[in-house]
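Report on the structure given below.
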Amino acid sequence: MSAPQQTRNRRTLVSLAMLATGMICLAYAAVPLYQIFCQVTGFGGASKRVEAASTTVGERIVTVRFDANTDPALPWKFEPVQRSVEAKLGENMLIFYRAKNLAAEPVTGMATFNVTPLKTGGVFAKVACFCFDQQTLAAGEEVEMPVSFYIDPAMADDKTLSDVKTITLSYTFFRAK
C-alpha cells in the first residue's frame with residue numbers, strides 16, 4: 001500500500017473513531033439535557049422549578065388534583081393529605097403528601113413527577129418540593145412532605161390553555177439506588 005493511501009486510511013479511521021466517540025458522548029448527555037429542556041419548557045408535563053413565590057394573583061380559578069403512586073419495590077405507603085385544592089392563578093399554595101416506611105429498616109426513595117394535561121407543565125411552578133431530593137425514612141417512620149407551588153398567572157393569556165379547568169400533579173416514588 002502506498003504512503004498516500006495509508007495516510008487516507010489513517011485519516012478515515014481517526015474520523016470514524018471521533019464520530020463514534022461523539023455519538024457515545026451525546027447518548028450519555030441526552031437524558032440530562034432532555035430533563036433540563038423539559039423543566040425549562042414544561043414539555044412532557046414537567047413542571048418548572050422557580051426560586052421565589054408568586055407576587056401576582058389573578059381571578060381565574062383552577063382545580064389542582066393530587067395523585068400518588070409507589071413502585072412495588074419501595075415498601076412505602078404514599079398518599080396526598082388532601083385530594084385537591086382550588087387555586088387562583090398566581091396564588092401561592094402549600095400542600096402535603098404523607099409517606100410511611102413499612103419496612104423494618106431505613107429506606108431511601110426518590111419521587112418523579114409530572115402534571116397533566118401535559119400542556120400545563122410550563123405554567124405549573126414549584127417553589128419547594130420533596131421531589132427535589134431523595135427522602136430517607138427510618139423503619140416505621142411516617143412524615144408529611146410539603147409542596148409549595150403556584151400556577152403562573154400568564155396562563156390567563158395563553159389561548160391554548162383556555163379550556164383547562166383542572167390540573168393533576170402526580171408523583172411516583174421509587175427506591176433510590
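Please enumerate the residues belonging to region 99-115 that are within 12 Å of the chain's Cα centre (by Cα) and either surrounded by 14 or more Cβ atoms within 10 Å (Cβ to Cβ) or closer than 12 Å to Glu141 by Cβ (or both). Walk me through how you get there before you give the answer.
The first filter runs over region 99-115 and keeps only residues within 12 Å of the chain's Cα centre (by Cα), leaving 110-115.
Answer for region 99-115, where residues must be within 12 Å of the chain's Cα centre (by Cα) and either surrounded by 14 or more Cβ atoms within 10 Å (Cβ to Cβ) or closer than 12 Å to Glu141 by Cβ (or both): Met110, Ala111, Phe113, Asn114, Val115.
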> Restricting to region 164-177, what's the tally of residues that are over 30 Å from Glu105 (Cα atoms) and either assigned to a loop (DSSP other than H, G, I, E, B) or of a type in the set (Phe, Trp, Tyr) (or both)?
Replying inline: 2
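In region 93-138, how many are among the small types (Gly, Ala, Ser) and under 17 Å from Pro72 (Cα atoms)? Break it down stepwise before answering.
Taking region 93-138 first, the residues among the small types (Gly, Ala, Ser) are 99, 103-104, 109, 111, 121-122, 125, 128, 138.
Imposing the further condition that a residue be under 17 Å from Pro72 (Cα atoms) reduces the set to 99, 103-104, 109, 111.
Count: 5.
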> Within region 116-143, how many residues are of a type in the set (Lys, Arg) and more than 13 Å from the chain's Cα centre (by Cα)?
Replying inline: 1
> Which ones in region 84-98 are in contact with a Lys or Arg (Cβ under 8 Å, 6 or more places away or on another chain) and either surrounded by fewer than 12 Cβ atoms within 10 Å (Cβ to Cβ) or aliphatic (A, V, I, L, M) (or both)?
Replying inline: Leu89
>> On the basis of being open to solvent by less than 60 Å² (accessible area, probe 1.4 Å), in contact with a Pro (Cβ under 7 Å, 6 or more places away or on another chain) and at pLDDT below 95, does Ala128 make the cut?
In response: yes
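The values are calculated or read from the model by the stated rules, or taken from the named source; none is laboratory data. Please read these numbers as outputs of a predicted model, since none were measured by experiment. Please note: Cβ atoms are built from the backbone with ideal geometry, for glycine as well, and neighbour counts cover all protein chains shown. Each accessible area value is taken on the protein alone, full model and side chains, heavy atoms only, with ligands, DNA and RNA left out. Shrake-Rupley method; radii C 1.70, N 1.55, O 1.52, S 1.80 Å.
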